1. Which residue pairs have Cβ atoms under 6 Å apart, sit 6 or more places apart or on different chains, and have a first residue in the range 79-93 that is at pLDDT 95 or above and a second that is in a loop (DSSP other than H, G, I, E, B) and surrounded by 15 or more Cβ atoms within 10 Å (Cβ to Cβ)?
2. Can you pull out the residues in the range 9-29 that are exposed (fewer than 14 other Cβ atoms within 10 Å of the Cβ) and in a loop (DSSP other than H, G, I, E, B)?
3. For the structure I just gave you, tell me whether Phe92 is in a helix (DSSP H, G or I), at negative phi and of a type outside the set (Gly, Ala, Ser).
4. Are any of the residues in the range 118-129 surrounded by 13 or more Cβ atoms within 10 Å (Cβ to Cβ), modelled with pLDDT of 90 or more and among the charged types (D, E, K, R)?
5. State whether one or more residues within the range 61-71 are within 21 Å of Arg8 (Cβ to Cβ), surrounded by fewer than 19 Cβ atoms within 10 Å (Cβ to Cβ), modelled with pLDDT of 95 or more and not hydrophobic (A, V, I, L, M, F, W, C).
6. Does Ile51 satisfy the condition of being within 17 Å of Arg5 (Cα to Cα), assigned to a strand (DSSP E or B) and modelled with pLDDT of 95 or more?
Amino acid sequence: MIQTRVLRTSEQKHQVFAGQLKEMETSLVYFDPYTARHRSFIAAMDGEQVIGLAALKEESTRIPGAMTITFVSVREDRRNQGVAKLLVDALFDFAEAEGKALANTQYEEEGLLYLKPALEAAASRRPHVGFHEFPVAH
C-alpha cells in the first residue's frame, strides 16, 4: 500500500532517503542533494521505497501565508497509478494542517498536462485551503 510521509527535518529526510539517494537522483526529476537539504518534502512510499516526491518551500516569497510547491515528481515506472494525485492531496492536507495556502509559480510542459489539472481539481474540492497559480510564460 502506498502511503505519504512529511519530511521536514534532516533526521526525517535521512531516515527515508538513506541508501536511496543515487537512485532517487536518476529516477525523480529535479531531485538533487541541494534540494534535499533546503526543502521540505512529502514522500510517496511503497514500503521503504520512495516512488514520488512533492517538494516545497514552507514560506512563499511571493504570497504571505503560503507554501510554494517547487516540484512534484513520480518515478517513471510508477506513473499513471495515482501517485501524483496522492501527493497533491497530501500537499493540500499539509497546507491545511499548517494553516497556509499553496502556491505554484510555474509548470514544465509535462506539468501543464498532468500536474496543473490535478492541482486545480484538488483546489476545487478544498477551496478553504487556498491555491494560487501564476500565469504560465510562453
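1. From residues that are at pLDDT 95 or above, the pairs are Phe92/Arg126; Phe92/Val129.
2. Those that are exposed (fewer than 14 other Cβ atoms within 10 Å of the Cβ) and in a loop (DSSP other than H, G, I, E, B): Thr9, Ala18, Gly19.
3. Numbers: in a helix (DSSP H, G or I): yes; at negative phi: yes; of a type outside the set (Gly, Ala, Ser): yes.
Against the criterion (in a helix (DSSP H, G or I), at negative phi and of a type outside the set (Gly, Ala, Ser)), Phe92 qualifies.
4. The answer is yes, given that some residue of the range 118-129 is surrounded by 13 or more Cβ atoms within 10 Å (Cβ to Cβ), modelled with pLDDT of 90 or more and among the charged types (D, E, K, R).
5. no
6. On the way: within 17 Å of Arg5 (Cα to Cα): yes; assigned to a strand (DSSP E or B): yes; modelled with pLDDT of 95 or more: yes.
So Ile51 fits the description; yes.
The values are calculated or read from the model by the stated rules, or taken from the named source; none is laboratory data. From a predicted model like this one, the values you see are computed outputs, not experimental measurements. Glycine gets a Cβ as well: all are built from the backbone with ideal geometry, and neighbour counts include every protein chain shown.
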